[in-house]
Amino acid sequence: GAVVSQHPSWVICKSGTSVKIECRSLDFQATTMFWYRQFPKQSLMLMATSNEGSKATYEQGVEKDKFLINHASLTLSTLTVTSAHPEDSSFYICSARDPSGSGNEQFFGPGTRLTVL
Amino acid sequence: GDSVTQMEGPVTLSEEAFLTINCTYTATGYPSLFWYVQYPGEGLQLLLKATKADDKGSNKGFEATYRKETTSFHLEKGSVQVSDSAVYFCAWNQGGKLIFGQGTELSVKP
């Protein structure tokens, strides 16, 4: 099946620094990728939809200047958390839609645990 | 508004017990419905799906039937195993975006 990877799997950073998370579709080309945030014991909340070659579409309440998304190729989308603070600590998950597949199935990456000190 | 409501966890069962995790949705129209599973330390995996009313999705012994009249998509398994311990998410598709329930943690004891 379709495989999506994320890097890094976990990261610890100091408050005020920026962190970049990569999401790659390994065996298919994804014109659309999604970024989610998951708090402990809670559901996934969609942050933004990333479309290759165009600006990301952010969900209501998500700061686009805080969470920069770049989808420069059909296999890579990046999420940069700028000037991170402890409240940004969370589990970030990406998914990618395989346009060659049936329906609207999304394939999920394993997630990135961000801890901001 | 549009949403998905799942049975709260955690759910603890003994091996070979019957499992039901309730899921109801609020949506306009008739969306596609999904169950995803998240094993410890891993990403979400699609478990099963149904795209229209009365469809039954099934996989790995799990089943769920799309009930339009009750707007439900309850997950069932006749005999759970320890390896089924995970968090289960109900979701529906809204214009290409997935709306998730809050997740239900299942713990199966030997």
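The values are calculated or read from the model by the stated rules, or taken from the named source; none is laboratory data. Since the model is a prediction, treat every value here as computed from it, not as a measurement. Every residue, glycine among them, receives a Cβ derived from its backbone with ideal geometry; neighbour counts consider all protein chains shown. Only protein heavy atoms, including side chains, enter the accessible area calculation; ligands, DNA and RNA are left aside. Shrake-Rupley method; radii C 1.70, N 1.55, O 1.52, S 1.80 Å.
Structure notes:
- Any hit, region B:24-34, residues being closer than 18 Å to B:Ala86 by Cβ, surrounded by 13 or more Cβ atoms within 10 Å (Cβ to Cβ), at pLDDT below 95 and in contact with a Phe, Trp or Tyr (Cβ under 6 Å, 6 or more places away or on another chain): no
- Matching residues in region B:88-98 - criterion: being at the interface with chain A (Cβ under 10 Å from one of its Cβ atoms) and buried (at least 22 other Cβ atoms within 10 Å of the Cβ): B:Phe89, B:Cys90, B:Ala91, B:Leu98
- Which numbered condition A:Asp98 misses (of (1) touching a Leu at 6+ places or on another chain (Cβ under 7 Å); (2) in contact (Cβ under 8 Å) with a residue 24 or more places away in the chain; (3) under 21 Å from B:Gly96 (Cα atoms)): (1)
- Within region A:27-46, restricting attention to residues that are hydrophobic (A, V, I, L, M, F, W, C) and surrounded by 12 or more Cβ atoms within 10 Å (Cβ to Cβ), the residue that is nearest to the chain's Cα centre (by Cα) is A:Trp35.
- Tallying residues that are among the polar types (S, T, N, Q) and surrounded by 16 or more Cβ atoms within 10 Å (Cβ to Cβ) within region A:71-90 yields 5.
- Of the strands (runs of 3 or more DSSP E) lying entirely inside region B:19-110, the ones with 2 or more residues being over 11 Å from the mean Cα position of the chain (by Cα) are found at B:23-26, B:44-50, B:56-59, B:86-94, B:97-100, B:104-109.
- Check on B:Ser83, open to solvent by 70 Å² or more (accessible area, probe 1.4 Å) and under 30 Å from A:Trp10 (Cβ atoms): yes
- Within region B:44-86, the only residue that satisfies the criterion of being under 20 Å from B:Phe100 (Cβ atoms) and touching a residue at least 60 places away in the same chain (Cβ under 8 Å) is B:Asp84.
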